[in-house]
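Enquirer: First, the structure itself, so that you have it in front of you.
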Amino acid sequence: MYPGPPVWTAGKFIERARCFRLAQPFSGGDQSLPSHHTCQPFTTMAPESSEVELMKAVAVVAPKKQRKLRPARKQVKFGDVVKIDTPQTGKEYNIWYNKWAGGDREDNYSNKVKSQTRCNLKRDSGLTRANVTGMKYTCLYFARGCCPYGWECDYLHALPDPDDQLPDTSKDCFAREKFADYRDDMGGVGSFNRQNRTLYVGRIKETGVGLETEEVVRRHFKEWGQIARDDSETGWAVKVLQYRSVAFVTYVSEIHAQFAKEAMACQSLDNDEILNVRWATEDPNPVQKVAEKRRLEEEGQEAIKSRVDPRIIDAMRTIRALEDGDELDEDGNFMDQEADGQEQEHESSQPDAKRRRLEAPPPPIQDNQPMGLLSADTLEGLKYFAEIQKRNGVTVPTKAVTPMVTPLAGGLGLGDYGSDEE
């Protein structure tokens, strides 16, 4: 009779696993299983020691291999990317601006063509000569997806890290010189007078509502860095002006905005459009201005704290607290004013107060003296010397004052005039 399906117990399962392990081919020349390595029937139980060993072997998990950086690949070959020159309509070539002057005036962005290459960070990032030489700047053509040098490039082929400080703050992450002012069209490298983290994205094809377009823009731009958060409905700093084909993307770091501007220039989203990516102008909202100013101040304080010895900071805070009459807790932070007020009321009732606030002396009361030719200090000095002369018995000579003769009101004052002639 058929005994029925076997009952699987823990011992049978371990025995089955042991038989499966023994059935694997050997690494030597003869891959046949030795005669003494035969599987026992399922009814036999493995010894207790072998069960413990097998359980330990199953419990051990192989360590995960660390991914090593590979050499950067060559994104294109020489000659693959063909530069399409726009037809020149000018008559004179300006060597200073590298443009033709005169002729028909056309929109530069209407003549733009879609970029032939696009950067893929997961596939194109890797080691270059810059990782050995210590170069801190990123390859511009890597961001555009058309670097033919690969691992032989002298610049970095990776997304720039905002924690790595650039050698020169007057240059962008691609080692290009910044300018004092932005261009009229808000393109180009940018300005070193203002930290700009917002990009203007134009010529977007809207196929749905504003939230759908915002999701498409965020999906394409989040590849180039961390997008900032705000209090909007979606929680991301991506603003879409519906029915205007315009979006604004704000990154956490300016260095990511610089990389994204070059990586998405003349690219397309989902509808085969040609994007117009430029720098955004300053937000006119006063609330945003105050928030941006506060953020810059906090970043500056954090940068200073990271470079200054914390013991010096604690000493300066202690000195300032002593000068202002404030009290610090165990962590070196200022105590709340409410707690200070309660403690002050409690300590004022005790004869021995632990802490007394330094009060400034009241300002001296100045007498209201009449204003004249001589100042108050001069008059005080004259009085002082007059007292000294009185003590020494020296009399001050006084001149007799002759009264002035006033002329008569009715004539010329010639009543006493005498003459020989009548």
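Please treat every number below as a calculation from the coordinates, not as lab data. Just so it is clear, the model here is predicted, and its values are computed rather than measured. Reconstructed Cβ throughout: ideal geometry from the backbone, glycine too, with neighbour counts over all protein chains shown.
Enquirer: Diagonalise the Cα gyration tensor of region 92-152 and give the resulting equivalent ellipsoid semi-axes, square root of 5 times each eigenvalue, largest first, whole Å.
Expert: On the way: eigenvalues 242, 57, 12 Å².
In descending order, the three semi-axes are 35, 17, 8 Å.
Enquirer: Mind ranking 231-243, 311-323 by how tightly packed they are, going by the mean number of other C-beta atoms within 10 angstrom, highest first?
Expert: Answer by packing, highest mean first, reads 231-243, 311-323.
Enquirer: Still on this model: Relative contact order of region 198-287, please, whole-number percent, based on alpha carbon pairs below 8 angstrom and at least 6 residues apart.
Expert: Numbers: 144 pairs, mean separation 36.1, N = 90.
Contact order relative to length: 40 percent.
Enquirer: A further question follows. Assign one of three labels to region 133-217, namely rounded, prolate or oblate, based on the Cα gyration tensor with a ≥ b ≥ c the square roots of its eigenvalues; rounded applies when a/c is under 1.5, prolate when it is not and a/b is larger than b/c, and oblate otherwise.
Expert: Here region 133-217 falls in the oblate category.
Enquirer: Still on this structure: Which pairs, out of Lys122/Lys305; Lys239/Lys293; Lys122/Lys261; Lys83/Lys222; Lys136/Lys178; Lys261/Lys305, put more than 25 Å between their alpha-carbon atoms?
Expert: Details: Lys122/Lys305 35 Å; Lys239/Lys293 21 Å; Lys122/Lys261 19 Å; Lys83/Lys222 28 Å; Lys136/Lys178 17 Å; Lys261/Lys305 32 Å.
With Cα atoms farther than 25 Å apart: Lys122/Lys305; Lys83/Lys222; Lys261/Lys305.
Enquirer: Another one. Taking the highest mean first, how do the peptides 91-99, 254-262 order by number of other beta carbon atoms within 10 angstrom per residue?
Expert: With the highest mean Cβ count within 10 Å placed first, the list reads 254-262, 91-99.
Enquirer: If you scale each eigenvalue of the Cα gyration tensor by 5 and take the root, what three semi-axes come out for region 198-287, rounded to whole angstrom and sorted largest first?
Expert: Working: eigenvalues 64, 51, 31 Å².
Each semi-axis is √(5λ); the values are 18, 16, 12 Å.
Enquirer: Can you order the peptides 157-166, 279-288 by their average number of other Cβ atoms within 10 Å per residue, highest first?
Expert: Those peptides, ordered most packed to least, come out 157-166, 279-288.
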